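Undergrad: One structure coming up, written as structure tokens, with questions to follow.
The values are calculated or read from the model by the stated rules, or taken from the named source; none is laboratory data. Note that the structure is a prediction, hence the values are computed from the model and not measured. Counting neighbours? That spans all protein chains shown, and the Cβs are built from the backbone with ideal geometry, glycine included.
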Amino acid sequence: MQGNRNALKVAMVSVLTAVVVVFTMVVRIPTARGYLNLCDVAICFIAFTFGPWSAFIAAGLGTALADLISGYAQWAPISFVVHGLEGLLVALIVQKKGDIAVSLGRKALAAVVCIATVSLGYFALSALFITTVSVSAAEIPGNIAQSAVGFALGLVVSAAVKRAYPPVSSLAW
């Protein structure tokens, strides 16, 4: 029986990874060095709905694959680290303990961690490996906006899916 459960997890994470790729590639707003997108909507939805390991794997792989497919291969390792950590940390913060609902305070903390992870992660890693500090700093406002919007929309989508299909919570990993 455990084998079937593990197979379901692998299949689910594969589909969620593809969802992240689609959300990353469908809407792209060009910036000086890359683009802004809706990946954080999918990442936060996955973190709220499917748990830390699903969020880490789908977010990291999905954004890295989107970078590779889109011709931004130099960003793939950074996207893997930053968005993988984003999904993992947000999910760990909002993970339910039993039947107790997630407090507004924990959701607010998750939002701050989401925004900080994306904006500071891209700033630090791109300044270190790809470009200069000043060019990386110029991207911070866009990354803040992208992750804040993604967090809010991901929260709304997750709540709607859980309300429409309550058993989805049993798939958390």
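Undergrad: So which of ILE130, ILE43, ILE29 is of a type in the set (Val, Ile, Thr) and touching a strand residue (DSSP E or B) at 6+ places or on another chain (Cβ under 6 Å)?
TA: Unique residue meeting the criteria: ILE29.
Undergrad: From the list VAL20, VAL90, VAL112, VAL94, which one is of a type outside the set (S, T, N, Q) and either surrounded by fewer than 19 Cβ atoms within 10 Å (Cβ to Cβ) or more than 17 Å from TRP173 (Cβ to Cβ) (or both)?
TA: Result: VAL112 is the single residue among VAL20, VAL90, VAL112, VAL94 that is of a type outside the set (S, T, N, Q) and either surrounded by fewer than 19 Cβ atoms within 10 Å (Cβ to Cβ) or more than 17 Å from TRP173 (Cβ to Cβ) (or both).
Undergrad: If you check ILE69 against the conditions, is it crowded, with 20+ Cβ neighbours inside 10 Å, under 22 Å from SER126 (Cβ atoms) and of a type in the set (Val, Ile, Thr)?
TA: For ILE69, the condition - crowded, with 20+ Cβ neighbours inside 10 Å, under 22 Å from SER126 (Cβ atoms) and of a type in the set (Val, Ile, Thr) - is not met.
Undergrad: Helices (runs of 4 or more DSSP H) wholly in the stretch 80-173 with at least 2 residues that are within 18 Å of the chain's Cα centre (by Cα) and not basic (Lys, Arg) - which ones?
TA: Because the criterion is at least 2 residues that are within 18 Å of the chain's Cα centre (by Cα) and not basic (Lys, Arg), the helices (runs of 4 or more DSSP H) in the stretch 80-173 that meet it are 104-129, 140-164.
Undergrad: Search the stretch 27-48 for residues being at pLDDT below 95 and hydrophobic (A, V, I, L, M, F, W, C), and hand back the single one that is nearest to the chain's Cα centre (by Cα).
TA: LEU36
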